[in-house]
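Quick note: the coordinates plus some simple rules give every number you see, no bench work behind them. Because the structure is predicted, anything quoted here is derived from the model rather than measured. No Cβ is skipped: glycine too gets one built from the backbone with ideal geometry, and neighbour counts run over all protein chains shown.
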């Protein structure tokens, strides 16, 4: 087992809807379950309530969750977190940003984030891997097309210089990218399952209707997304590849 001070850090930047949290758990629970690691190897922190985050060198790896907050709010805690994230990337600590975490990675390294001109993407969507994914440490060997769960209103409108696009679909041109060797952003949600996704469709139904879409049809087409879910244990495997930590087979 790795040193106690070098656990995988889950950076929790938001909460799900309170009623969903009571029945299904919260974002950090979903990520931790998906990683498939012993509890002793994981630490959860909330940067909104901390004066300082851990030294990146003390982290075996970092996963940043999604959030209901919008990155364009530029709240003070977001600016502090972006500064810390630049240190994480510079230290080549393995990093995986999900949704908000994906967008913060892009913005922290010089990219741009704004509202998606097409509105909100929500439901089970198809993801297509790009050619660069074939040689990527996290995505290599996955099917070229797979299902994933998505719910986001903002998007990375411009990637940082040098970033490698890894996945896209007709709605979202940057569903996944990599910066350097060990920092990934994923716009879709590998930690979601059908029950969690259904909860979002139901609670955002009025907004979906206002945008001219039928939430009943989105709900009908929800399906499990096992390939997308595999990215979390894959990332855990990259983080602890040399530490002998028990984890699910990749």
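Annotations for the structure displayed:
- Number of positions in the stretch 121-137 that are crowded, with 19+ Cβ neighbours inside 10 Å and in contact with a helix residue (DSSP H, G or I) (Cβ under 8 Å, 6 or more places away or on another chain): 4
- Given (1) surrounded by fewer than 15 Cβ atoms within 10 Å (Cβ to Cβ); (2) in contact (Cβ under 8 Å) with a residue 12 or more places away in the chain, number of the condition residue 141 does not satisfy: (2)
- The number of residues in the stretch 1-31 being without any contact (Cβ under 8 Å) to a residue 24 or more places away in the chain and buried (at least 21 other Cβ atoms within 10 Å of the Cβ) comes to 0.
- Unique residue being farther than 25 Å from residue 187 by Cα and touching a helix residue (DSSP H, G or I) at 6+ places or on another chain (Cβ under 8 Å) when the list is 52, 32, 39: 39
- Residue in the stretch 192-220 that is surrounded by the most Cβ atoms within 10 Å (Cβ to Cβ), counting only those that are under 26 Å from residue 129 (Cβ atoms) and in contact with a strand residue (DSSP E or B) (Cβ under 7 Å, 6 or more places away or on another chain): 192
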